[in-house]
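Trainee: Below you will find the structure I want to go over with you.
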Amino acid sequence: MYTKKLQLEAYERLLDIMDDLREKCPWDKKQTLQSLRHLTIEETYELGDAILNNDHDEIKKELGDLLLHIVFYAKIGSETGAFDMADVANGICDKLINRHPHIYGDVEVKDEEEVKRNWEQIKLAEGKKSVLEGVPAGLPALVKASRIQDKVKGVGFDWEEPNQVWDKVNEELQELQNEVAAGDHDKIEGEFGDVLFSLINYARFLNISAEDALERTNKKFIKRFQYLESKAAEIGKPLSEMTLAEMDVYWNSSKQFDK
């Protein structure tokens, strides 16, 4: 592993390269904060995939891509005098010091839950009107639900036991079934959302990520379905011409890849 001195030299090298690109490369010169935004989101998802796959080489590469974006934004900010890389780094350093009084002050904590509660209280003391202000509006709904639940937990608004949450899941399922029977589409959608929110809450009590769990299932489904497609191609019969019973044979055999 590199020493801190070599790490800083590598980081300085990246800053120098960014200066060169911004000055000399036609594509890099054209970029704005707005034009980079969708690319940054894409890179974040690519990092998430690499983490789920536990691919350390890809994680390293994707972290580099994200670091480039951070340096890029800071470079653009420095050109207008709005902020630069030092402002970005010092800003997060100041925030970390302020929000860890058990490290940089005389506050004592007994566990990580108390750290999280202190974090949310400090944010309110800094001027935030709601603990939910830190939840980005543009987050995907499943991730947003998890973040909302984490945030309110930080100020003590939470269930006490997993069985209470599971009871809530069953309650919401019953309400969904009632609305399905009544046939009101708008109310069905509302109750379906309540079921999902409750399940995400239950996942939190099981100490698992609902997002990661669903993505694992997505990947599993894709692998099984592509196996089904390959077998259909082998026998020269399009899926659209196969019966569900025929497809089910190959679907069941695809499960061997999960073991």
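The values are calculated or read from the model by the stated rules, or taken from the named source; none is laboratory data. This one's a predicted model, so the numbers in the text were calculated from it and none came from an experiment. Cβ atoms come from the backbone with ideal geometry, glycine included; neighbour counts cover every protein chain shown. Remember, those area values only see protein heavy atoms, side chains included, never the ligands or the DNA or RNA. Shrake-Rupley method; radii C 1.70, N 1.55, O 1.52, S 1.80 Å.
Trainee: Between a residue in region 100-127 that is over 15 Å from GLY156 (Cα atoms) and any residue that is loosely packed, with under 10 Cβ neighbours inside 10 Å, which pairs come within a Cβ distance under 7 Å, given they are 6 or more apart or on different chains?
Mentor: Pairs found: HIS102/GLU108.
Trainee: Any chance you could count how many residues in region 40-79 are of a type in the set (Phe, Trp, Tyr) and closer than 26 Å to ASP20 by Cα?
Mentor: 2
Trainee: Is it fair to say SER253 is within 17 Å of ILE148 (Cβ to Cβ) and either more than 19 Å from the chain's Cα centre (by Cα) or outside any loop (DSSP other than H, G, I, E, B) (or both)?
Mentor: Here the answer is no, as SER253 does not meet what is asked.
Trainee: May I pose another question? Report the residue count in region 161-188 for those that are out of contact with any helix residue (DSSP H, G or I) (no Cβ under 7 Å at 6 or more places or on another chain) and closer than 25 Å to PHE205 by Cα.
Mentor: Step one: filter region 161-188 for residues out of contact with any helix residue (DSSP H, G or I) (no Cβ under 7 Å at 6 or more places or on another chain), giving 161, 163-164, 167, 170-171, 174, 177-178, 181-186.
Then drop every residue that is not closer than 25 Å to PHE205 by Cα, which leaves 161, 163-164, 167, 170-171, 174, 177.
So the answer is 8.
Trainee: Still on this structure: I'd like to check something: does region 179-192 contain any residue that is of a type in the set (Phe, Trp, Tyr), open to solvent by 50 Å² or more (accessible area, probe 1.4 Å) and more than 30 Å from MET242 (Cα to Cα)?
Mentor: Taking region 179-192 as the starting set, the residues that turn out to be of a type in the set (Phe, Trp, Tyr) are 192.
Then keep just the ones that are open to solvent by 50 Å² or more (accessible area, probe 1.4 Å); that gives 192.
If we keep only those that are more than 30 Å from MET242 (Cα to Cα) too, we end up with 192.
Looking through region 179-192, at least one residue is of a type in the set (Phe, Trp, Tyr), open to solvent by 50 Å² or more (accessible area, probe 1.4 Å) and more than 30 Å from MET242 (Cα to Cα).
Trainee: Is there any pair linking a residue in region 140-151 that is free of Cβ contacts under 8 Å to residues at least 60 places away in the same chain to one that is in a helix (DSSP H, G or I) and of a type in the set (S, T, N, Q), with Cβ under 9 Å and at least six apart or on different chains, and which?
Mentor: GLN149/ASN201
Trainee: Still on this model: Within the bounds of region 140-154, is there any residue that is closer than 27 Å to GLU215 by Cβ and outside any helix (DSSP H, G or I)? Full working, then the answer.
Mentor: Of the residues in region 140-154, the ones closer than 27 Å to GLU215 by Cβ are 140-154.
Now drop any that are not outside any helix (DSSP H, G or I), which leaves 140, 154.
For region 140-154, residues closer than 27 Å to GLU215 by Cβ and outside any helix (DSSP H, G or I): present.
Trainee: Is it the case that region 114-126 has a residue that's in contact with a His (Cβ under 8 Å, 6 or more places away or on another chain) and part of a loop (DSSP other than H, G, I, E, B)?
Mentor: No, region 114-126 contains no residue that is in contact with a His (Cβ under 8 Å, 6 or more places away or on another chain) and part of a loop (DSSP other than H, G, I, E, B).
Trainee: Is it the case that region 207-214 has a residue that's outside any helix (DSSP H, G or I), closer than 27 Å to GLY48 by Cβ and not hydrophobic (A, V, I, L, M, F, W, C)? So that I can check it myself, show each step before the final result.
Mentor: Step one: filter region 207-214 for residues outside any helix (DSSP H, G or I), giving 207-209.
Within this subset, residues satisfying the condition of being closer than 27 Å to GLY48 by Cβ are 207-209.
Checking the rest, the ones that are also not hydrophobic (A, V, I, L, M, F, W, C) come to 207, 209.
Checking region 207-214: at least one residue is outside any helix (DSSP H, G or I), closer than 27 Å to GLY48 by Cβ and not hydrophobic (A, V, I, L, M, F, W, C).
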